[in-house]
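In what follows, a single structure is set out as structure tokens and then discussed.
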Amino acid sequence: MKKTFRKIHLWLSVPFGLIISIICLTGAALVFEREINDAINSHLYEIEPPENARALDIATIAHRVSEQVDDSLSIASIIIPAEKDRSYQVTFSNLRKRSLCVNQYTGEVLGWPESHPFFQTVRQLHRWLMDVPPKKGDKTAGKTIVGVSTLVMAIILLSGLVVWWPKNRKALKHRLRVSCTKGWRRLWYDCHVALGFYSTLVLLVMALTGLTWSFGWYRTAVYGMLGADTQKQSHARADNNGKAGKTKAGKPQADYTAWGKAARNIAALYSGDYSSITIANGTAQVSKNGEGYLRHVDKLTFNTKDGLVESITTWGETPREAKLKGWFYAFHTGAWGGPITKVIYFIMALIGAILPLTGYYLWIKRMMARRKKNS
């Protein structure tokens, strides 16, 4: 049986090894993207609150922001952090995944946080091999290659574990150590065998969670296995796609005074037990830290005239299918355990990038030795 798995391991690794190295290396580079970007944009996120000063009302902030941005921009939501020394962030319905930092004490627009161009390039390489889809959800050759390579990576890891499995304790001892005193070939062999074993579990988690972004059929199957209502999920995506075409003219004018009242009511309701409140037109989200570093979000609705809270859907009441995407992202990136798991994921991803290279080295050496023996 081992002979069969050895062949599977080798002949899948040879064509896909280089792509797997690229995926793992870029994945390692993205582990601390958020922390690095936050540090780069710290002058936008961190402010000095005036002594005894209170934040401006939401309506005043919305009015001052509207005066300082282009008329085509329509405010979609305002994110209110719990910390007094963190700036508010304003999002716009016309701009996807972008926010504007605002000093809540003066109404001054501080600027747009920017992701470093390095990370933008690395992400495009990691997810699509630079073959970026024209629209979200579209398929490209690069996206398909990354998905297939990730699936193959999972098979390579499992077949490698079977090949690694020792016959006795003496063999186990040798397969768990890296020797640095027995020559380069033994060093590369030990790195491939021992480090491959140590990293298998984390690399498998990365691969199996990452596949949910590559293939719809895989996502549906895995979500179904975990008890999610996949039909409800597909209907929700269809509804969102239908709403995506709405223009600013099709939306009622927001009453920002009611937003401010709702924000104060929600802050009082949670008694400061939250990390941020996101206020939109008639809806709000309250972000809290749950178990470990997993973010829990309660969803609320409020009256758009007086700001009174009308309903609350807590994180515990949220359907499983709505939670799974966040869980998969956390377990794919290592965010679920905070800085410690991120460091572990960073190291394991680097090992994942090295494993195919050590495998190539050993394979080429073996081929050269066979040719020399036959000549």
Check your understanding: What is the chain by shape, rounded, prolate or oblate, if you read a ≥ b ≥ c off the alpha carbon gyration tensor as root eigenvalues and call it rounded for a/c under 1.5, prolate for a/b larger than b/c, and oblate otherwise?
Key -> prolate
Practice item. Taking 7 Å along the Cα-to-C-beta vector as the label spot, tell me the LEU187-THR304 distance in nanometres, rounded to one decimal. Key: 6.7
Review point. At what distance in nm do the modelled label points of LEU269 and ASP131 sit from each other, each positioned 7 Å from its Cα along Cα→Cβ?
Key: 4.8
Check your understanding: Ordered by residue, what ³J(HN,Hα) values in Hz, to whole numbers, does region 62-73 give under the Karplus form 6.51 cos²θ - 1.76 cosθ + 1.60, where θ = phi - 60° and Gly and Pro are x?
Key -> 4, 5, 5, 5, 4, 6, 9, 10, 4, 5, 6, 7
Exercise for review: Rank by packing, highest mean first: peptides 12-23, 53-64, with packing defined as the count of other Cβ atoms within 10 Å averaged across residues.
Suggested key: 12-23, 53-64
Practice item. Using only Cα atoms, tell me the angle between helix 196-210 and the longest principal axis of the chain; keep it within 0 to 90° and round to the nearest 10. Key: 40
Exercise for review: Pull up all non-local amide H partners of ILE80: gap of 5 or more, or a different chain, and H-to-H distance under 5 Å with H placed in the peptide plane.
Suggested key: ILE277, THR278, ILE279
Exercise for review: Round to the nearest 0.05 the FRET efficiency obtained for ARG98 and LEU201 when R0 = 25 Å and r is the Cβ-Cβ distance.
Suggested key: 0.10
**Study point:** Nearest 10 degrees, 0 to 90: helix 339-374 Cα axis against the chain principal axis
**Key:** 30
Practice item. Find the relative contact order for the chain and round it to a whole percent, using C-alpha pairs within less than 8 Å whose residues are 6+ positions apart. Key: 21
Exercise for review: Would you work out the charge dipole size for the chain about its Cα centre, treating the Cβ of every Lys and Arg as +1 and the Cβ of every Asp and Glu as -1, and quote it to the nearest 20 debye?
Suggested key: 3560
Point to revise | Computed lengthening from ILE347 to ASP229, 0.36 nm per intervening residue step minus Cα-Cα distance | key: 38.9 nm
Point to revise | Length released on extending from ASN374 to THR60, taking residue separation times 0.36 nm less the Cα-Cα span | key: 104.7 nm
Exercise for review: Could you list which residues have their amide H under 5 Å from that of LEU110, counting only those 5 or more apart in sequence or on another chain, with H placed in the peptide plane?
Suggested key: CYS101, VAL102, ASN103
Review point. Hey, what angle do you get for helix 141-164 against the long axis of the chain, alpha-carbon based, 0 to 90 degrees rounded to 10?
Key: 50
Check your understanding: Using a Gaussian network for the chain with springs between C-alpha atoms less than 10 Å apart, which of these wobbles most: GLU310, GLU51, GLU67?
Key -> GLU51
**Study point:** Spin-label pair THR220/GLU67, simplified geometry with 7 Å Cα→Cβ offset, distance in nm
**Key:** 5.3
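Computed FRET efficiency, Cβ-Cβ of ASP85 and GLN124, R0 41 Å: what is it to the nearest 0.05?
Efficiency, rounded to the nearest 0.05: 0.75.
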Review point. How much length is gained if the chain between ARG175 and ARG320 is pulled fully straight, taking 0.36 nm per residue apart and subtracting their Cα-Cα distance, in nm to one decimal?
Key: 48.1 nm
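Laboratory data are not the source of any read-out in this text; all were calculated from the coordinates shown. Every value quoted in this text rests on a predicted model; they were computed, and no experiment measured them. All Cβ positions, even for glycine, are placed from backbone atoms using ideal geometry, and neighbour counts span all protein chains on display.
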